[in-house]
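Working notes, structure below.
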Amino acid sequence: MNRYTNGLKTAVLLAALSGLIMVIGGVLGGRSGVTIAFAIALATNGYAFFNSDKLALRSMHAYPVDSAQQPVLYKVVQELSSASGQPMPRLFVSPTEAPNAFATGRGPTHAAVCCTEGILALLDERELRGVLGHELSHVYNRDILISSVAATLASGIMMIVQFSYFLRFFGGGLGGGGNDNNRGNPLEALLVLLLGPIAASLIQLSISRSREYQADQSGSLLTRDPMALASALAKLEAGTANRPLAPTPAVQTTSALMIANPFNARGMSQLFSTHPPIAARIARLQTLARELNH
């Protein structure tokens, strides 16, 4: 799947989230309640967007590093940034043996790249270059912005449902005033209350997965070495299984940014994972490598 197909898929999924908000608002009634809920979601996620780098780095206890402390990491990122014509991001290392990496920040001029001590010990320089190409692609593709919009829409749905449940419990509704004409069909409302958040979560997860595939592709085009990333992903799959991160609330928020699922999702739990299966990602990279004659 090329980057344009992924971009189209992301646009469709974002539109689906927007449409879902309108459907839920229409079923539950009351434009004022929808507006208030969405405004709260927008403010909350707006704060998260402008402070996403600080929140993510703090959750992983990351510390800044320079060329003297991490010469290989610094050299690779400097080379890839120069090749892309983009500014050098800030570099951080997280003091955990769990192998992973992530990029954060709302754009190339506000970007930060973080590697765990575990991934720096696990990968060789070629594989690390593949991972860093992937992470820098997230920055260049404005994935943090897209993820923030998706989170805003999904949170808006969650808050609408929560407000509606609260008001209905006390005999009101989002339409306000206990007017039966505004309450709609009770069965429809119940289904929306139950299924709306699930649908929102699945759409948001689809967006995250789409962006991972695109970063795999664009990062590999940046490094011109898809199999380096494929090799790294194979090692990360085993490494995260042996050293999964503890699913604390802070880490769960940051986990969507990481190159590999840090919680070792298996079986049905993969359905609700923000990351596509490693095997599927490797298969796509192998196809890309053949196309590039690697």
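We did not get these values from a lab; they are worked out from the coordinates using the rules stated. Because the structure is a prediction, the values reported are computed rather than measured. Cβ sites come from the backbone with ideal geometry, for glycine too, and all protein chains shown count toward neighbours.
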Once phi for every residue in segment 85-100 is put through the Karplus expression 6.51 cos²θ - 1.76 cosθ + 1.60 (θ = phi - 60°), the whole-Hz ³J(HN,Hα) values, with Gly and Pro written as x, are x, 10, x, 5, x, 6, 10, 9, 10, 9, x, 9, 7, 5, x, 6
The exposure ranking of 138, 61, 275, fewest beta-carbon neighbours within 10 Å first, is 61, 275, 138
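Starting with the fewest neighbours, write out 144, 278 ranked by other beta-carbon atoms found within 10 Å of each beta-carbon.
On the way: 144 24, 278 17.
Sorted ascending by nearby Cβ count, the order is 278, 144.
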Most exposed first, judged by fewest Cβ atoms within 10 angstrom, 93, 139 run 93, 139
